[in-house]
Amino acid sequence: MRIRVLGSAAGGGFPQWNCGCENCRGVRLGTLSAEPRTQESVAISADGEAWFLVNASPEIRAQIESFPPLHPRAPRHSPLAGIFLTNGDLDHCLGLLCLRESQPLAIYATERVRRGFTQGNTLYATLERFAGQATWHRLTPGEALDPEHPAGRASGLTVRPIAAPGQPPLHLRGRLAPAPEDNVGFEIRDRRTGGALLYLSGVAAPTAELRQALERADCILLDGTFWASDELIALGLGERRAEEMAHWPIGGPEGSLQVLGRIGRGRRLYIHINNTNPILREDSAERAAVSNAGWEVARDGLELEV
Ligand code: MLT
Ligand code: MN
Ligand code: ZN
């Protein structure tokens with residue numbers, strides 16, 4: 001399967017419109033060795049014809065334009081065969097509303113994420129203007145499915161959602177008690193090659209099941225939001241620790257770099273990187289620590305083959 005990273009940043013992107021932190025200022029001024037990044041989304045295809053997105057970022061229009069295989073092949077057409085959602089956060093769902101131009105959409109999400117996005121959302125009516133505009137396919141953690149190919153063929157992919165410790169989206173906090181279907185990772189297997197991608201862009205802490213999936217993965221895209229647990233607190237930009245925001249930090253003795261080591265059978269990359277994270281700076285000590293441990297930092301436009 002072919003994997004294209006469309007966006008590699010966490011919510012807000014890099015730089016973030018209202019952020020003047022050292023990283024955001026430096027990347028704007030061009031004084032940092034760091035690349036700007038759009039909000040996290042990847043495109044995946046087994047046959048190069050039908051493409052599936054994982055997450056629909058608010059920057060989806062520009063992300064589609066950035067990658068010619070996602071361009072239409074007829075006056076009204078899209079090679080987008082389906083969109084998988086890891087959770088209901090706006091950096092992962094807002095892009096759905098940007099795809100309102102009368103194109104049928106197949107959306108794969110847990111029932112909880114579907115309800116969180118559709119219920120009480122006046123704007124959702126824009127995806128319900130005709131029968132069949134949005135078709136939701138229910139994801140259940142642990143239950144693998146073969147997504148539908150628009151040409152009626154097999155997509156060549158099998159997707160298994162795995163429950164990952166997470167939270168309801170910020171706009172539903174306090175209104176919904178946390179539940180296992182709030183957040184999932186995906187084990188995406190190419191049925192021809194047998195190769196598997198483990199996609200886990202948001203995870204508060206590892207579980208035994210996730211650890212097993214990481215071990216058998218041929219490529220890993222993991223939550224790289226924060227380097228340090230107290231990253232936002234130390235910068236005076238927030239009050240919550242990484243884990244309280246459902247993000248497992250990279251650094252420190254309990255961090256993913258130390259705990260996971262050279263896990264898996266292939267490439268290991270961090271994605272969903274917050275603009276405050278020092279690994280964005282190519283010459284930082286934290287970036288060197290990541291590289292020395294056998295991990296990479298995803299960037300927009302990167303392609304992977306599994
Ligand atoms: C997160 O990853 O923690 C969320 O994107 C936060 C948010 O929605 O701003
Ligand atoms: Mn996010
Ligand atoms: Zn910033």
Between R138 and E22, what is the spin-label point distance in nm, taking each point 7 Å from the Cα along the Cα→C-beta axis? 5.0
Spin-label pair E243/E303, simplified geometry with 7 Å Cα→Cβ offset, distance in nm: 4.1
How big is the accessible area of M245 in square angstrom, nearest 10, if you roll a 1.4 angstrom probe over the protein chains? 40
Quick one: if you stick a label point 7 Å off each Cα along the C-beta vector at L90 and A288, how many nm between them? 3.9
Place a point 7 Å from Cα of R216 in the direction of its Cβ. Which residues in segment 160-180 have their backbone N less than 14 Å from it? 160-162
Taking the DSSP beta bridges in the chain as the whole, what percent of them are antiparallel, to the nearest 5? 50
Three-way shape label, segment 84-130, alpha-carbon gyration tensor, a/c 1.5: prolate
Global geometry of segment 119-267, whether rounded, prolate or oblate, following the gyration tensor of its Cα atoms and the 1.5 cut on a/c: oblate
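Of the chain, which part is the longest with no trypsin sites (Lys or Arg not before Pro) in a loop (DSSP not H, G, I, E, B) and with at most 10 other C-beta atoms within 10 angstrom?
That gives 176-261 as the longest site-free run.
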Please compute the length gained on full extension between N121 and A205, using 0.36 nm multiplied by the number of residues separating them and subtracting their Cα-Cα distance. 27.2 nm
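Before rounding to the nearest 500, sum -39500 (n - 2.57) across all DSSP H runs of length at least 4 in the chain and divide by the residue total; then give [θ] at 222 nm in deg cm²/dmol.
After summing the helix terms and dividing by the residues of the chain, the value is -4500 deg cm²/dmol.
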Decide, for the chain, between rounded, prolate and oblate: order the square roots of the alpha carbon gyration tensor eigenvalues as a ≥ b ≥ c, take rounded if a/c falls under 1.5, and otherwise choose prolate if a/b is larger than b/c, else oblate. rounded
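Please return the longest range in the chain lying between exposed loop sites, taking chymotrypsin sites (Phe, Trp or Tyr not before Pro), DSSP loop only, at most 15 other beta-carbon atoms within 10 Å, and leaving the sites out.
131-306
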Tell me which residues come under 5 Å, amide H to amide H, from L139 once H is placed; ignore anything under 5 positions away on its chain. A109, T110, E111
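The values are calculated or read from the model by the stated rules, or taken from the named source; none is laboratory data. Source: prediction; values computed, not measured. When we count neighbours, we look across all protein chains shown, and the Cβ atoms used for this are built from the backbone with ideal geometry, even at glycine. The accessibility values were calculated without ligands, DNA or RNA, using every heavy atom of the protein model including side chains. Shrake-Rupley method; radii C 1.70, N 1.55, O 1.52, S 1.80 Å.
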